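Have a look at the structure below, then the notes.
The values are calculated or read from the model by the stated rules, or taken from the named source; none is laboratory data. Note that the structure is predicted; figures quoted are calculated from it, not measured. Note: ideal-geometry Cβ built from the backbone for every residue, glycine included; neighbour counts use all protein chains shown.
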């Protein structure tokens, strides 16, 4: 670079940072919000089957068209199928159809035996060329007159002109007939009235007048527009149209969920804080991934989007923010590609560098093992090449040097991203790419070079004025103007010639499908096509509030309304209505999508303990969307405060699982009850019957009122025992049984009440009386109770029983069923409030850690893991074995993600406490591991000091605030439990030990009940969360560990909560 050398001594620009003042994100948290979810239309099994049935019908249409020997109709079928965006379902049928057309026309394409009309000839030419056939362009010579020009009589054949216009964009070098065809069609179509003719013709005339064409358009975006226009065609195929709409909406739903996942990752980088200078364009990055929009390419879209997002940050670091010295250090770090060099970088670059390496590491885990290593290697090499090119341009800017066109293009073809984008796309296309394909790509074949030229020059011609204003290196326009002494207009005219020639190279090379497979060639073509969308007249990525916003709305937000040609099943029509009502009902509840891919490593070979836990219930993702009638807003309005005065209504509302909608009404109702009864609870003025007294006591205690248990003394006889006459009052006994479980220490009357009710209810015939009474008798005989039950699970059962009650409230029952089904639908779709997302992930991580400590890890590994958790720093990860590294990285990621899900003002301190509880849990598990390693049985005092932590009470509570070892364990080989410790220390039998331990459990519940009445220390929701964790244990460990042995009652519980909706007879 001789000219550059002459300028080395020029004073460099100061280390002052530049400013681009890019506008903020158009979307913000939209794709995490209620508003985005309202637009989402999910698909049940019936609708998916409908799509499969339509696909089979289209295949039969192809068979008929192929057998009829009507090639025009066959070509039209292929054309419509591809342009409607559903061609990927019928690749085999399209291949066979076009092969048939090619074979029959190869000898006669120039004569009338195939087609005498312009429309069919041009359509055939375009479709065959797109498919890779080297069809001869001399086919169009017959449409010329004696003067060698296209016949002027064609000017009235508008459909033929449009078809020829599209065909001309598949031209290669030396095809003069297609150059003439393009000029001829542009001339005549420019003067054609775009308001005349069918809708499809009108739209295509308008497109041609703006010089849009199929070859250089984005398939997914164009198909959205084409579906709408095709519908207006009187002769449209209803089967094709119906499938296109359903398929578009199905893919859109999938894309929405992927965007939500990616947006959460983006937020985890704290982009606004760490990179305030960069373009906040994560949704626009996802738009790039529409290069592969099909269902099976989810990992492609995740990888491609994240890599594009990272290169955006890096691009802006080099273009507007980084000092020359920082850029030099960053370039060296990227060349090293090693976390050990991270400390050499400034803080903001460290965040970027760590995220960059993490993205490629995650990408490797998403890929099959047999392709992951070499694919990621080439992906990383392309990234290194980009950074090297960026730094070369930074040096030009730093030294205020304008390179020659030759110097510029040598660097700018790399920095434009052609190789980088193609290599990243190849990484994502995991099933079709080989190592040889990557090696071919890195030799920069002619098709890739053409793509590079298109990207670089189109980008420069559109963006150069804005970039010069910001302060960036000279573009191709400035370089050309300086080198050849021409105007900007002249420079752009010449550069456009290079772009057109590059497209000819691309078209020519796309016909050579023997070197690499067609999907890979087509991907390179699609990258070049994307540039035409990206840089039509402005940079719609940088300035994304323009057409980019409309494009994103049409692709990812607005589904097709499905009318008689795209009718959804009644299930989905109802669901679409229900979705809107649901999100208005739960406005601001914070439901979020969740998707977290994982790919665990195999553990190192060493002697391990084994735990024969059953496999998962199913490998299939169950998505069953219930059929729901329209939810009327009057349901909420029908429940007034006055309705809550009867305690029964409060009771039913809570037990039906809908009490959370009416917290204010319930508070006021029970406050009123308490105030009226506070002076008279012991006397007959409030209630003389046992049922009402016990119900009032339970409801008020649950609400935090310190109601006096002496209220029950009046039901005792002269002997001080409960009156035996009560034994016939079954409803009263049941109410007293439930109230007794709210007892605290020293409440002997409630101890007696529990014994009295258990004795008499045990001998009561559970088959007599109303359904509700029968069920509650059965529950009491199995010693189940409301206080220690799981609300959601109990409400499911209660709804069913309550319905059988002759006196049930129709409004309550209707709302309970609808609400249950709506929430079930949300849970199925992996949407949920922040606490569910955080809690589930932390619980999943502690399950893995628990099993590492209990059955898999060696003592030395557990020691290293405990130290690493104490450090809580990714720098120590290399000290762990591979399988622990995966676990450790996921653990830290879960808490990092949790912090980003929380409001900024509370995230840091909440996560700090959450992490401390996790550290405590791991310390306790290691203490138990040491006991097992040394074959030591601790005293009860030693055991309880550790085991109260290791069982997770603090961890679960802290995690909830942020958003039991049995014979099975001894069989597996784990540290002793409380049972063994007690037996050894006191020399008693297992039965005696368990009896004594149950006393401790009962006393612990009394402590819980007593403290739940102290709602002045912390708020009621926090106290209730701790109670609910204790309640969950009663469900989890009723007689076996249903989490470990999940094929038992756990399977039934999951089916009832998350799969089986309530049938709605309304």
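Considering 679, 668, which residue is more than 22 Å from residue 795 (Cβ to Cβ), at pLDDT 50 or above and outside any helix (DSSP H, G or I)? Full working, then the answer.
Details: 668 fails: outside any helix (DSSP H, G or I).
None of the others qualify; the one that does is 679.
Scan the range 42-64 and give yes if some residue there is modelled with pLDDT under 50 and surrounded by 12 or more Cβ atoms within 10 Å (Cβ to Cβ), otherwise no.
No: the range 42-64 contains no residue that is modelled with pLDDT under 50 and surrounded by 12 or more Cβ atoms within 10 Å (Cβ to Cβ).
When the residues of the range 773-788 are filtered to those that are at pLDDT below 75 and outside any helix (DSSP H, G or I), which remaining residue is farthest from residue 762 (Cα to Cα)?
If we take residues in the range 773-788 being at pLDDT below 75 and outside any helix (DSSP H, G or I), then 788 is farthest from residue 762 (Cα to Cα).
When you look at residue 78, is it modelled with pLDDT under 95, crowded, with 16+ Cβ neighbours inside 10 Å and farther than 30 Å from residue 264 by Cα, yes or no? Steps first, please.
Numbers: modelled with pLDDT under 95: no; crowded, with 16+ Cβ neighbours inside 10 Å: yes; farther than 30 Å from residue 264 by Cα: yes.
For residue 78, the condition - modelled with pLDDT under 95, crowded, with 16+ Cβ neighbours inside 10 Å and farther than 30 Å from residue 264 by Cα - is not met.
Among the listed residues 115, 167, 97, 181, identify the single one that is modelled with pLDDT under 90 and either farther than 23 Å from residue 529 by Cα or part of a helix (DSSP H, G or I) (or both).
115
I'm trying to understand the selection: among the residues of the range 439-468, which are surrounded by fewer than 21 Cβ atoms within 10 Å (Cβ to Cβ), touching a helix residue (DSSP H, G or I) at 6+ places or on another chain (Cβ under 8 Å) and more than 19 Å from residue 488 (Cα to Cα)?
442, 444, 445, 446, 449 - these are the residues of the range 439-468 that are surrounded by fewer than 21 Cβ atoms within 10 Å (Cβ to Cβ), touching a helix residue (DSSP H, G or I) at 6+ places or on another chain (Cβ under 8 Å) and more than 19 Å from residue 488 (Cα to Cα).
Could you check, for the range 910-919, whether at least one of its residues is at pLDDT below 75 and either assigned to a helix (DSSP H, G or I) or surrounded by 15 or more Cβ atoms within 10 Å (Cβ to Cβ) (or both)?
yes
Can you find even one residue in the range 863-873 that is in contact with a helix residue (DSSP H, G or I) (Cβ under 9 Å, 6 or more places away or on another chain) and modelled with pLDDT under 85?
no
Of the residues that sit in the range 184-196 and are surrounded by 15 or more Cβ atoms within 10 Å (Cβ to Cβ) and assigned to a loop (DSSP other than H, G, I, E, B), which one is modelled with the highest pLDDT?
Across the range 184-196, the extreme among qualifying residues is 192.
Going by what's in this entry, would residue 715 be described as farther than 22 Å from residue 674 by Cα and assigned by TED's automatic domain parsing to the domain that holds residue 799?
Here the answer is no, as residue 715 does not meet what is asked.
Conditions tested, residue by residue: (1) at pLDDT 85 or above; (2) out of contact with any strand residue (DSSP E or B) (no Cβ under 8 Å at 6 or more places or on another chain); (3) in a helix (DSSP H, G or I).
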| residue | (1), (2), (3) |
| --- | --- |
| 707 | no, yes, no |
| 719 | yes, yes, no |
| 736 | yes, yes, yes |
| 769 | no, yes, no |
